[in-house]
Amino acid sequence: MTRYIIRRLLYSILVLWGVTLIVFIALRLSGDPAQLLLAQGNPTKEDIAALRHSMHLDEPLYEQYISFVTHAVRGDFGTSLRLKTPAFREVMSRMGATLELAIAAYIFALLIAVPTGIISAARRGGIVDFFSRLISLIGVSIPNFWLGLMLILLFGVRLKWLPVSGRGEGLHQSLEALVMPAVTLGVVFAGTLTRLLRSSMIDVLQADYVRTARAKGLGESKILLRHAMRNALIPVVTLAGLQIGFLLGGAVIVEVVFSWPGVGRLVIDSINARDYPVVQASVTLLASILILANLAVDLLYSFLDPRIQYS
């Protein structure tokens, strides 16, 4: 197990290095931040050159990348070109809002998908199964931005039950402000998870050991929860781990729609402003979270199924 973890961590470092390299090159191809920052003042070529020199953008790309990596490993991603504050500190100040949204969407999806998937598999072919498949198909098919706008129009504008933007102040207002963004972000995940859990449970319920448990007279609820569900969760856990990336990525759109003050909205604003340090810090941090989440999912397999061995 220890050797496996060390090897995975080394692979993770390589993946993270590849991510930083791609983002670094893509940002340099997107445009010159010096021209954008001075666009309002009719700058001369000398003004632009002086600003580029102050931001070290006139250095060769390989020198810029080496400087970025050597500082990034120490947690220094530079100073935001737009906000004039440390880039990593700016990202961390927004990370709490993004994680709050992602966790709420995750919980919402699990509360919907797990019981629905189990009941749908246990009553395969019935009316409950039909409606759960229909609703999950609709959930998977709905674009996040469209669903967010519809929720705003219905619950925010017409019914005036929930706030349409912002994070709110105080526990009550924060929970109210969190409802629509979390539902918007979690609906697609809930639909996908319901379909996979139903399919996995159906396969497990047809296994020999389940028939043996029924022959011994065990109750159906005990068979479902104690015997079938644990083995059915392995593909579900895989999907749940991969969906962390979807939730963090989908949060970009949702945060813009609901004016949620998270990392996603910060990234969009920083891309528009060519704020290299903030974008690089944001992508590096989000990629690190995704890599560690996938490692945690792999390690969880051995808990769910002791037959799985790591080598």
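The values are calculated or read from the model by the stated rules, or taken from the named source; none is laboratory data. The structure presented is a predicted model; accordingly, all values stated were derived computationally and were not measured. No Cβ is skipped: glycine too gets one built from the backbone with ideal geometry, and neighbour counts run over all protein chains shown.
Here are the numbers for this structure:
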quantity	calculated
Selection from the range 220-238 of residues that are in contact (Cβ under 8 Å) with a residue 12 or more places away in the chain and of a type in the set (D, E, K, R)	E220, R230
Selected residue (criterion: surrounded by the most Cβ atoms within 10 Å (Cβ to Cβ)) from residues of the range 166-200 that are of a type in the set (G, A, S) and within 20 Å of the chain's Cα centre (by Cα)	G186
Residue within the range 234-248 that is among the small types (G, A, S) and modelled with pLDDT of 75 or more present	no
Cβ-Cβ under 9 Å pairs, at least 6 apart or on other chains, the range 239-262 side surrounded by fewer than 17 Cβ atoms within 10 Å (Cβ to Cβ), far side modelled with pLDDT under 75 and part of a helix (DSSP H, G or I)	L242/V297
Selection from the range 1-22 of residues that are more than 20 Å from the chain's Cα centre (by Cα) and not aromatic (F, W, Y)	M1, T2, R3, I5, I6, R7, R8, L9, L10, L14, L21
Top-ranked residue of the range 26-35 - restricted to ones that are assigned to a helix (DSSP H, G or I) and in contact (Cβ under 8 Å) with a residue 12 or more places away in the chain, ranked as farthest from L57 (Cα to Cα)	S30
Failed criterion for T98 (all others in (1) in contact with an Asp or Glu (Cβ under 6 Å, 6 or more places away or on another chain); (2) assigned to a helix (DSSP H, G or I) hold)	(1)
Top-ranked residue in the range 108-129 [being touching a residue at least 60 places away in the same chain (Cβ under 8 Å) and β-branched (V, I, T); ranked as farthest from V278 (Cα to Cα)]	I118
Failed condition for R82, given (1) touching a Ser or Thr at 6+ places or on another chain (Cβ under 9 Å); (2) modelled with pLDDT of 75 or more; (3) under 24 Å from V237 (Cβ atoms); (4) not aliphatic (A, V, I, L, M)	(3)
The range 126-165 - residue that is surrounded by 14 or more Cβ atoms within 10 Å (Cβ to Cβ) and among the β-branched types (V, I, T) and, of those, nearest to E255 (Cα to Cα)	V164
Single residue of the range 250-306 satisfying the filter (at pLDDT 80 or above and either of a type in the set (S, T, N, Q) or in contact with a His (Cβ under 8 Å, 6 or more places away or on another chain) (or both)) that is nearest to Y11 (Cα to Cα)	S288
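Condition check ((1) at pLDDT below 85; (2) hydrophobic (A, V, I, L, M, F, W, C); (3) out of contact with any helix residue (DSSP H, G or I) (no Cβ under 8 Å at 6 or more places or on another chain)) across all residues:
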{"residue": "R124", "(1), (2), (3)": "yes, no, no"}
{"residue": "W146", "(1), (2), (3)": "no, yes, yes"}
{"residue": "M150", "(1), (2), (3)": "no, yes, yes"}
{"residue": "R158", "(1), (2), (3)": "no, no, yes"}
{"residue": "V164", "(1), (2), (3)": "no, yes, no"}
{"residue": "E169", "(1), (2), (3)": "yes, no, yes"}
{"residue": "Q173", "(1), (2), (3)": "yes, no, yes"}
{"residue": "P181", "(1), (2), (3)": "no, no, no"}
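Here is a yes/no grid of residues against (1) β-branched (V, I, T); (2) exposed (fewer than 14 other Cβ atoms within 10 Å of the Cβ); (3) touching a Ser or Thr at 6+ places or on another chain (Cβ under 7 Å); (4) modelled with pLDDT of 85 or more:
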{"position": "P33", "(1), (2), (3), (4)": "no, no, no, no"}
{"position": "A50", "(1), (2), (3), (4)": "no, no, no, no"}
{"position": "S54", "(1), (2), (3), (4)": "no, yes, no, no"}
{"position": "E63", "(1), (2), (3), (4)": "no, yes, no, yes"}
{"position": "V73", "(1), (2), (3), (4)": "yes, yes, no, yes"}
{"position": "M95", "(1), (2), (3), (4)": "no, no, no, yes"}
{"position": "Y106", "(1), (2), (3), (4)": "no, no, no, yes"}
{"position": "A109", "(1), (2), (3), (4)": "no, no, no, yes"}
